[in-house]
Amino acid sequence: MNTKPMLRAGLTLCAAFALSGCLKGTGLQGSLAEVVYNSITEVGEFENETTTMPTSGTASYTGSALIQMADSATDANQRVMAGEATLDARFSAAGGAVSGTLQNFVGAKDVDMQAFNAAIYTGTVADIETQLADFSPVDGTIDVTADTSTGERFTVGFSGTLTQDGDTIEVGGTGAGQFVGADADGVKVYGGTTLNGFGTQSTLSENGSAQEGQIYINATK
């Protein structure tokens, strides 16, 4: 794709719930920058469609996961981690329940959030490549567990430990999500350390110290 909407899925999700150079992902096709770009772009496009939900069966989704965290959500520079998301959905008349894994992260401290967000949400693949160029590998995975589902909306649980450069990052709590697209072709999930309108609240810590931040997942079939 050569263009993408100015308002990307990660930003619209945050508002709705308010509430290197070629780093390779090991499970998905293309560089991690391409995975991030394509998943956010495609989910954003599915949001422009009328969502219809299957009432039975299963589906698998792949895409990206972004985590940002700091002592304060207003800090201009934050720790950022980018990785891959592999999710499974089980559909019923009640809605869709989602579970899966967030993995293959890379990350960095003291990332300029204004420049990073501009690259992720309004930039090109090359802009994202530039942002990720100095990121280093992060060990560990985060489990996403099914919680509740009501129509196209659902909640999930987060649980996992990530380590990087001697730091230990714990991820827990809950997040809220939504299916988008003509056949639930996309899924987006938001987790934040501030309680949101869907009654979910995530937890993030660094070396045992509580942090403020967000988790964004965008994935497609």
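The values are calculated or read from the model by the stated rules, or taken from the named source; none is laboratory data. Small disclaimer: the values here were computed from a predicted structure and weren't measured. Reconstructed Cβ throughout: ideal geometry from the backbone, glycine too, with neighbour counts over all protein chains shown. Please note that ligands, DNA and RNA were not included when accessible areas were found on the heavy atoms of the full protein model with its side chains. Shrake-Rupley method; radii C 1.70, N 1.55, O 1.52, S 1.80 Å.
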Study note, to complete from the structure: T163 meets each of (1) surrounded by 14 or more Cβ atoms within 10 Å (Cβ to Cβ); (2) of a type in the set (S, T, N, Q); (3) assigned to a strand (DSSP E or B) with one exception, condition (1)
Exercise for review: Could you look through region 13-53, keep only residues that are open to solvent by less than 30 Å² (accessible area, probe 1.4 Å) and closer than 21 Å to G192 by Cα, and pick out the one that is modelled with the lowest pLDDT?
Suggested key: F17
**Study point:** Residue in region 114-126 that is within 13 Å of the chain's Cα centre (by Cα), not polar (S, T, N, Q) and not in a loop (DSSP other than H, G, I, E, B) present
**Key:** yes
Exercise for review: Identify all residues within region 191-205 that are within 12 Å of A176 (Cα to Cα) and assigned to a strand (DSSP E or B); write none if there are none.
Suggested key: G191, G192, S202
**Study point:** Single residue of region 113-144 satisfying the filter (surrounded by fewer than 14 Cβ atoms within 10 Å (Cβ to Cβ) and in contact with a strand residue (DSSP E or B) (Cβ under 9 Å, 6 or more places away or on another chain)) that is nearest to N77 (Cα to Cα)
**Key:** D134
